[in-house]
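What follows is one structure encoded as structure tokens, with my remarks underneath.
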Amino acid sequence: MDRILGQPAALDALRNQLATQRVHHAQVFHGPAGVGKFTTAIAFARELLCHDSVTDLQGNQSACGHCASCKLFDTLNKADDSDDPTAALRSAHPDLHIITKELALFSDDAQVRSRKLTSIPVGVIQEHLLGPASHSPALNHGKVFIVDEAELLNNTGQNALLKTLEEPTAGTYLILVTSSEHRLLPTIRSRCQRIAFGPLDDVAVSRWLSEHHAELDEQTAKWVVGFAQGSLGRASLAVRFELVEWGTAVLSPMQRLAKSGRPEPNLGSAIGGCVDGFAAAWVSAHKNASKEAANRRAAALMGSMISNYARRRMASAAQQCDPQTPGDSEQRLEPWLGVISAVTEFESQLNSNVNLKLCCEGLGMAIHGALLGVAFSS
Ligand SMILES: [Zn+2]
């Protein structure tokens, strides 16, 4: 677990469980997407499944690195660079069970197999969790089940887990990884130990980028760090799908709009074009991905990029405010607050299934409304 970036509080809590030999049989790793929850779950599983853990002078326990289990984990690390690392993870260790929505693609049930990947079907839980949970571990040293994106389990799937949570088998550990903890049933949450993960700081994201994407020029890397907002998952998406172009297509016209007060008539369609382009690329890169889910994901990324930009502009506007002039700060901040509420409105429209193109056009117009106000008054 020493190689995990950031997350000192979560790692301390987990190390403490290992040192005191009080590992909770069911845990929820929750926090923003892409900050290392799943990676930590795998690293923690390595510690739990090691046959010969070593304890240092401070009482910290760590995996030995040479037992049969550790060797299997080492083969995993080598497979990390592949396009779908969970595919390698799923088959690498007989007592490490990774449950993801993608497992539906391999179901014996043709109906489960052909559906779009927007949830984890209860059939997948039965086949890959409840079934193996009742068998003895292959290496005779415990079993770990990790459910990634656990919020994608519907109520039936979550209820199916309850029995395992209520009657834990010794040496069997369940980790639910989620970025939307509120979507887990209270009955699930109350039976699990909750471990909170937070966003990483920009320095950590920058370091990760220079290690994994040394090919990026300085300006692009800086843009990606801003876009990532502390999430390596977002950083990695931005690099893979070249989202730096979103900055040129959407943020640059917003900047011009705020500065010159002249309308940017193509802003709404530029927003729509970026969202649609990302969703199409996502669907073509992921077998069985649903276009609707990809649209939502793209729109959510777009919304957070715009509101994050508005927040940064507010922060720099706040620094320039004259404290002696009442009303000055309000006048400088108001347009960007308007942009943030335009994004909130955009997100609620998306949730009520308004046509995506219309939502994007509407967002473009609302941004005009918010920003032109300032340009005229200053
Ligand atoms: Zn070991």
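Readers should treat all values here as calculations from the given coordinates under stated rules, not as data from a laboratory. Just so we're clear, the structure is a prediction, and the values are computed from it rather than from any experiment. Cβ coordinates were reconstructed from backbone atoms using ideal geometry, including for glycine residues, and neighbour counts include every protein chain displayed.
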Open item on the list: Can you give the FRET efficiency to the nearest 0.05 for Arg189 and His141, using r as the Cβ-Cβ distance and R₀ = 25 Å?
Closed with: 0.30
Open item on the list: Kirkwood Rh over alpha-carbon pairs of the range 8-196, then Stokes-Einstein at 20 °C and 1.002 mPa s: what D in µm² s⁻¹, rounded to an integer?
Closed with: 126
- [ ] Using only the alpha carbons of the chain, determine the length spanned along each of the three principal axes and report them from longest to shortest in whole angstroms.
- [x] 72, 53, 41
- [ ] Would you mind ranking Asp12, Asp74 by Cβ crowding within 10 Å, fewest neighbours first?
- [x] Asp12, Asp74
Task: Cut-off under 5 Å, modelled amide H: who pairs with Ile99 long-range - done: Ile146, Val147, Asp148
Task: Karplus-derived 3J(HN,Hα), 6.51/-1.76/1.60, for each residue of the range 246-257, Hz, glycine and proline x - done: 4, x, 5, 6, 10, 6, 4, x, 5, 5, 5, 4
Task: Cα Rg over Rh - the range 160-228, Kirkwood - done: 1.22
Task: Ranking of Val354, Val23, Val205 by count of other Cβ atoms within 10 Å, fewest first - done: Val354, Val23, Val205
TODO: On a 0 to 90° scale, report how tilted helix 328-351 is relative to the longest principal axis of the chain, with both axes built from alpha carbons and the result rounded to the nearest 10.
DONE: 50
Task: Across Lys37/Lys101; Lys222/Lys287; Lys222/Lys357; Lys101/Lys287; Lys101/Lys357; Lys222/Lys259, pairs whose alpha-carbon gap is larger than 20 Å - done: Lys222/Lys287; Lys222/Lys357; Lys101/Lys357; Lys222/Lys259
TODO: Could you give me the percent of Cα pairs per 5 Å distance bin for the range 109-216, shortest bin first, beginning at zero and ending with the bin that holds the maximum distance?
DONE: 2, 10, 18, 18, 14, 12, 10, 9, 5, 1, 0
TODO: Using DSSP to define loop residues, name the trypsin sites (Lys or Arg not before Pro) in the range 1-30 whose beta-carbon has at most 15 other beta-carbon atoms within 10 Å.
DONE: Arg3, Arg22
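Given a Förster radius of 30 Å and the C-beta distance between Gln324 and Lys259 as r, what FRET efficiency does 1/(1 + (r/R0)^6) yield to the nearest 0.05? Don't skip to the answer; put the middle values down first.
Values: r = 25 Å, r/R0 = 0.84.
That pair, Gln324 with Lys259, gives E of 0.75.
Order by neighbour count: Asp52, Asp217, fewest other Cβ atoms within 10 Å first, most last.
Asp217, Asp52
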- [ ] Could you work out the per residue convex hull volume over the alpha carbons of the range 241-377, in cubic angstrom?
- [x] 93
TODO: Calculate one ³J(HN,Hα) per residue across the range 315-322 by plugging θ = phi - 60° into the Karplus curve 6.51 cos²θ - 1.76 cosθ + 1.60, and present them in order as whole Hz with x for glycine and proline.
DONE: 4, 6, 5, 4, 5, 8, 5, 8
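Taking 0.36 nm per residue of separation and subtracting the Cα-Cα distance, what length does fully extending Lys222 through Glu292 add? List each step's numbers first, then the result.
Working: separation 70, 0.36 × 70 = 25.20 nm, distance 3.07 nm.
In short, 22.1 nm is gained.
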Task: Ala315 paired with Asp12, simple spin-label distance in nm, labels 7 Å along Cα-to-beta-carbon - done: 2.4
- [ ] Give me the lysines in straight-line cross-link reach of Lys71: C-alpha distance below 17 Å, same-chain residues under 8 apart excluded.
- [x] Lys143
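Could you estimate the translational diffusion coefficient of the range 149-296 from the Stokes-Einstein equation, with Rh from the Kirkwood formula over C-alpha pairs, at 4 °C and 1.567 mPa s, in whole µm²/s? The partial results should precede the final answer.
On the way: Rh = 18.8 Å.
Once the numbers are plugged in, D ends up at 69 µm²/s.
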TODO: Using amide H atoms built 1.01 Å from N in the peptide plane, name the residues 5+ places from Tyr173, or on other chains, whose amide H lies under 5 Å from its own.
DONE: Lys143, Val144, Phe145
Task: Cβ-derived FRET efficiency at R0 35 Å, Ser284 paired with Asp74, nearest 0.05 - done: 0.55
Open item on the list: Using each residue's phi in the range 175-184, evaluate 6.51 cos²θ - 1.76 cosθ + 1.60 at θ = phi - 60° and report the 3J(HN,Hα) Karplus result to the nearest Hz, with x for Gly and Pro.
Closed with: 10, 9, 9, 8, 9, 10, 4, 4, 8, 8
TODO: Mind listing the long-range amide H neighbours of Val28? Cut-off is under 5 Å, sequence gap 5 or more, other chains count too, H placed in the peptide plane at 1.01 Å from N.
DONE: Leu176, Gln193, Arg194, Ile195
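Go through 227-236, 143-152, 361-370 and give me the packing order, highest mean Cβ count within 10 Å leading.
Values: 227-236: 21.3, 143-152: 23.0, 361-370: 19.7.
Ranked from most to least packed, the peptides come out as 143-152, 227-236, 361-370.
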Open item on the list: Take Ala214 and Glu242, extend 7 Å from each Cα along the Cα→Cβ direction, and tell me the distance between the two endpoints in nm.
Closed with: 2.3
